[in-house]
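Below: one structure, written as structure tokens.
The values are calculated or read from the model by the stated rules, or taken from the named source; none is laboratory data. Everything numeric in this text was worked out from a predicted model, so none of it was measured. As a convention, Cβ positions derive from the backbone with ideal geometry for all residues, glycine included, and neighbour counts pool all protein chains shown. For the accessible areas, the whole protein counts, side chains as well, though only heavy atoms, and no ligand, DNA or RNA atoms are used. Shrake-Rupley method; radii C 1.70, N 1.55, O 1.52, S 1.80 Å.
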Amino acid sequence: MSVTAALGFLASGVAAGIKESGDPDLALVVNRGPSRAAAGVFTSNRVQAAPVRWSRRALADGRLSAVVLNSGGANACTGPGGNDDAQVMAERTGRAADVAADEVAVCSTGLIGVRLPMDRVTAGIATAADRLSSDGGEDAAVAIKTTDSVHKTAVAAGTGWTVGGMAKGAGMLAPGLATMLVVLTTDADVSAPLLDSTLGEAVRTTFDRVDSDGCMSTNDTVLLLASGASGVTPGPAELTAAVHAVCQDLARQLVADAEGASKEIEVTVVGAASEADAVEVGRSVARNNLLKCALHGEDPNWGRVLSAIGTTSAVFDPDRLDVAINGVWVCRDGAEGEAREKVDLSDRRITVTVDLRAGDSSAVIWTNDLTAEYVHENSAYSS
């Protein structure tokens, strides 16, 4: 159920001493081929961590042989020294795993503005390389956790080939990826251009639709590596469906584990004049802190949904808006609909449906409620 579900991949996760807790904090994923095709999507934040800049360059030719990941430190906003550290991580990984350093992607997550303890990092890389195995995916997924309460993995099976993946993320979850590190692997025999287009489309409708707290990270990275070890070349549609399934599974796990969350909220916008309108409206509703607080308190306050819709540039007639919460149409034609008392918000999962009645396009955004625990988490944890 992770990055080693696909043939041709080895992984490991170790405690290198980067985290003061002593928990696992360094992971390796190695592609043993025969193919090294790869693609990536990165944060759109203009402030980008040194590992992001390194990995962009490493991916320029559409090839990756390995990924080294650490938690316990983001290596972001660390100046020229941080750039050197990212390069050293790639070089040491290349040496330990017997791959080219310029085919190693680097991912880091944790506190911004602090240099990594490179003596521990480099020793950890050597240890992780010694422990690489075809069933090391779970250990790798555990090692990349920060404020995550659980590790996150997913898999989708094709006909004779597989897509696997792992992710980390629990806070700073907003579009321009969502704040996370994700490594996806497949043993399908496919080209880098196909991986690039497939990954871009999957991210656009999964990770880019996660909007937990409106905060965008400096380190967001999603990588897709193909080993070709299955010898099977699926059609583009089949590959896209499998990659999308894994990304969507992981995206939902990110929202479910959002810091302090007690409700998982799915905002579906239908009847939009365009997909862009649907996304804009969905994002506005998902980011409305008043609504997020109301849903935490199990109050189906549909007025807060309408007020969020009204801040957008989407095409709609305010007197034709419909809103349902958990299937109860509490707002019809921009006014009171069914009785609020019919809405049961006791379960963890909540659905909010907005019908703009302006077209045929739709979109789904995933978010969560706003809780006192979220405030505590982010006042007690420096990030």
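Annotation: of all residues in the range 27-50 being of a type in the set (Lys, Arg) and in contact (Cβ under 8 Å) with a residue 24 or more places away in the chain, the one that is nearest to Leu132 (Cα to Cα) is Arg32. Residues of the range 127-168 that are in a loop (DSSP other than H, G, I, E, B) and open to solvent by 30 Å² or more (accessible area, probe 1.4 Å): Arg131, Leu132, Ser134, Asp135, Lys145, Thr146, Thr147, Ser149, Val150, His151, Thr159, Gly160. In this entry, Ala60 is excluded by the filter for residues that are touching a helix residue (DSSP H, G or I) at 6+ places or on another chain (Cβ under 6 Å) and outside any helix (DSSP H, G or I).
A search for C-beta distances below 7 Å between a residue of the range 323-345 that is among the hydroxyl-bearing types (Ser, Thr, Tyr) and any residue that is modelled with pLDDT under 95 and crowded, with 17+ Cβ neighbours inside 10 Å, counting only pairs 6+ apart in sequence or on different chains, returns nothing. Give me the residue from the range 182-200 that is more than 16 Å from Thr233 (Cα to Cα) and in contact with a strand residue (DSSP E or B) (Cβ under 6 Å, 6 or more places away or on another chain) and, out of that set, surrounded by the fewest Cβ atoms within 10 Å (Cβ to Cβ). The qualifying residue surrounded by the fewest Cβ atoms within 10 Å (Cβ to Cβ) is Leu199.
Within the range 231-248, restricting attention to residues that are crowded, with 19+ Cβ neighbours inside 10 Å and not small (Gly, Ala, Ser), the residue that is farthest from Arg36 (Cα to Cα) is Gln248.
Of all residue pairs spaced 6 or more apart or on separate chains, those with beta-carbon atoms under 8 Å, a first member in the range 12-26 that is in a loop (DSSP other than H, G, I, E, B) and a second member that is of a type in the set (Lys, Arg) and open to solvent by 20 Å² or more (accessible area, probe 1.4 Å) are Ala16/Arg120; Gly17/Arg120; Ile18/Arg120; Asp23/Lys145; Pro24/Lys145; Asp25/Lys19.
Every condition in (1) touching a Cys at 6+ places or on another chain (Cβ under 8 Å); (2) among the β-branched types (Val, Ile, Thr); (3) surrounded by 24 or more Cβ atoms within 10 Å (Cβ to Cβ) is met by Val106 except one, and the failing one is (1).
Of the residues making up the range 208-232, those that are of a type outside the set (D, E, K, R) and at pLDDT below 90 number 8. Give the residue, chosen from Gly124, Gly113, Gly82, that is small (Gly, Ala, Ser), assigned to a helix (DSSP H, G or I) and out of contact with any strand residue (DSSP E or B) (no Cβ under 7 Å at 6 or more places or on another chain). Being small (Gly, Ala, Ser), assigned to a helix (DSSP H, G or I) and out of contact with any strand residue (DSSP E or B) (no Cβ under 7 Å at 6 or more places or on another chain) holds for just one of Gly124, Gly113, Gly82, which is Gly82. Note on the range 255-283: residues that are more than 19 Å from the chain's Cα centre (by Cα), surrounded by 23 or more Cβ atoms within 10 Å (Cβ to Cβ) and closer than 21 Å to Pro300 by Cβ total 2. For Val68, are the conditions met, namely being in contact with a Cys (Cβ under 8 Å, 6 or more places away or on another chain) and open to solvent by less than 10 Å² (accessible area, probe 1.4 Å)? Yes.
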